[in-house]
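The values are calculated or read from the model by the stated rules, or taken from the named source; none is laboratory data. Since the model is a prediction, treat every value here as computed from it, not as a measurement. All Cβ positions, even for glycine, are placed from backbone atoms using ideal geometry, and neighbour counts span all protein chains on display. Just the protein is used for accessible areas: all its heavy atoms, side chains included, with ligands, DNA and RNA removed. Shrake-Rupley method; radii C 1.70, N 1.55, O 1.52, S 1.80 Å.
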Amino acid sequence: MAVRVQYFTDPACSWSWGIEPMVRRLMVEFADSLTWTYVMGGLAREFDAPQARTQQVEQWLDAAAETGMPYDPRLWTEGPISSSYPACMAVKAASEQSSDGGYAYLRALREGLMCFRRKLDTTEVLVEEARRAKLDVERFRIDLGSHATVEAFGADLEATRAEPWPLPTLVFAGGAAISGLRPYEDYRAAALAAGAEPAGGEAPGVVEAVKRFGSMATAEVVEVCELPLPRAQAELWRLAAEWKLRPTRVLTGALLEAT
């Protein structure tokens with residue numbers, strides 16, 4: 001039996017982006033032994049106040065420094081989103097047609113917000129991200145506007161606030177919860193305690209990992225491929241020089257895709 005993980009998160013949560021290396025390593029190490037449910041915590045109904053936007057810039061810079069993930073906080077000075085709620089509802093809509101529970105779409109939104117300063121808070125731009133994620137766009141549009149999606153997001157908000165769970169938090173079957181940025185060993189221990197079993201085998205190579213996930217940051221390669229940072233950096237740029245990977249620069253780092 002697969003162990004259920006409830007992941008309390010939000011597409012605009014900077015620290016959720018920061019723990020992507022650990023989340024992806026869990027996905028690789030435990031494979032089908034973990035099943036993921038993405039609970040949209042609703043980071044903010046509105047970001048209208050200048051103070052709230054300034055706070056987001058500071059949080060993104062802090063997260064970049066601590067996690068090594070790529071961020072571009074100029075989103076908050078050039079074209080800030082007004083709310084994270086539309087993106088949350090879009091993830092719920094995507095989950096209706098996704099075998100991965102909406103993860104690929106959630107990842108696309110995270111990259112769009114954190115790395116490429118896309119203002120993802122209206123229907124049309126969220127539909128365009130669905131197209132990028134290769135979803136059935138017409139179905140997505142219908143689901144995004146449905147009462148069922150509104151109700152699903154409302155249930156997520158209630159579940160988040162009942163505890164309340166800070167974002168990000170991973171809750172494993174049996175009750176073990178890991179909140180915030182923690183060493184990978186803490187997440188792994190919680191998964192094992194819940195009854196999940198490692199898939200076995202060696203860590204994937206860099207190209208194999210990038211092809212599996214579609215895009216990766218250096219910090220993700222460090223975790224998923226179990227490489228020290230200097231070796232991971234050298235390997236990534238060697239592969240880029242050989243045209244096996246294509247880097248896209250972000251203000252505080254880069255994302256890499258297979259060619």
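So here's what we get for this one:
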{"item": "Index of the failed condition, residue 45 passing every other in (1) closer than 19 Å to residue 20 by Cα; (2) of a type in the set (D, E, K, R); (3) outside any helix (DSSP H, G or I)", "result": "(1)"}
{"item": "Test result for residue 15, of a type outside the set (S, T, N, Q), at pLDDT 95 or above and under 13 Å from residue 180 (Cβ atoms)", "result": "yes"}
{"item": "Any hit, region 146-155, residues being in contact with an Asp or Glu (Cβ under 8 Å, 6 or more places away or on another chain) and outside any helix (DSSP H, G or I)", "result": "no"}
{"item": "Residue check, residue 104 of a type outside the set (D, E, K, R) and touching a helix residue (DSSP H, G or I) at 6+ places or on another chain (Cβ under 7 Å)", "result": "no"}
{"item": "Candidate set from region 57-79 (those that are of a type in the set (D, E, K, R) and open to solvent by 80 Å² or more (accessible area, probe 1.4 Å)); member that is nearest to residue 116 (Cα to Cα)", "result": "74"}
{"item": "Pair list, Cβ < 6 Å and 6+ apart or interchain, from region 86-107 residues that are within 16 Å of residue 24 (Cα to Cα) to residues that are in a helix (DSSP H, G or I) and open to solvent by 10 Å² or more (accessible area, probe 1.4 Å)", "result": "101/95; 102/95"}
{"item": "Considering residues of region 127-144 that are open to solvent by 70 Å² or more (accessible area, probe 1.4 Å) and assigned to a loop (DSSP other than H, G, I, E, B) only, the residue nearest to residue 14 (Cα to Cα)", "result": "134"}
{"item": "Search result, residues across region 28-38 that are in contact with a strand residue (DSSP E or B) (Cβ under 7 Å, 6 or more places away or on another chain) and surrounded by fewer than 24 Cβ atoms within 10 Å (Cβ to Cβ)", "result": "33, 34, 35, 36, 37"}
{"item": "Every residue from region 123-139 that is within 19 Å of residue 85 (Cβ to Cβ) and either at pLDDT below 95 or of a type in the set (D, E, K, R) (or both)", "result": "124, 128, 129"}
{"item": "Condition check for residue 41: farther than 29 Å from residue 201 by Cα and either open to solvent by less than 10 Å² (accessible area, probe 1.4 Å) or touching a strand residue (DSSP E or B) at 6+ places or on another chain (Cβ under 7 Å) (or both)", "result": "yes"}
{"item": "Residue check, residue 196 part of a helix (DSSP H, G or I), modelled with pLDDT of 95 or more, open to solvent by less than 40 Å² (accessible area, probe 1.4 Å) and closer than 23 Å to residue 22 by Cα", "result": "no"}
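Okay, residues lined up against (1) part of a helix (DSSP H, G or I); (2) open to solvent by 10 Å² or more (accessible area, probe 1.4 Å); (3) touching a Gly at 6+ places or on another chain (Cβ under 8 Å):
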position	(1), (2), (3)
7	no, no, no
51	yes, yes, no
55	yes, yes, no
81	no, no, no
87	yes, no, no
92	yes, yes, yes
98	no, yes, no
101	no, yes, no
116	no, yes, no
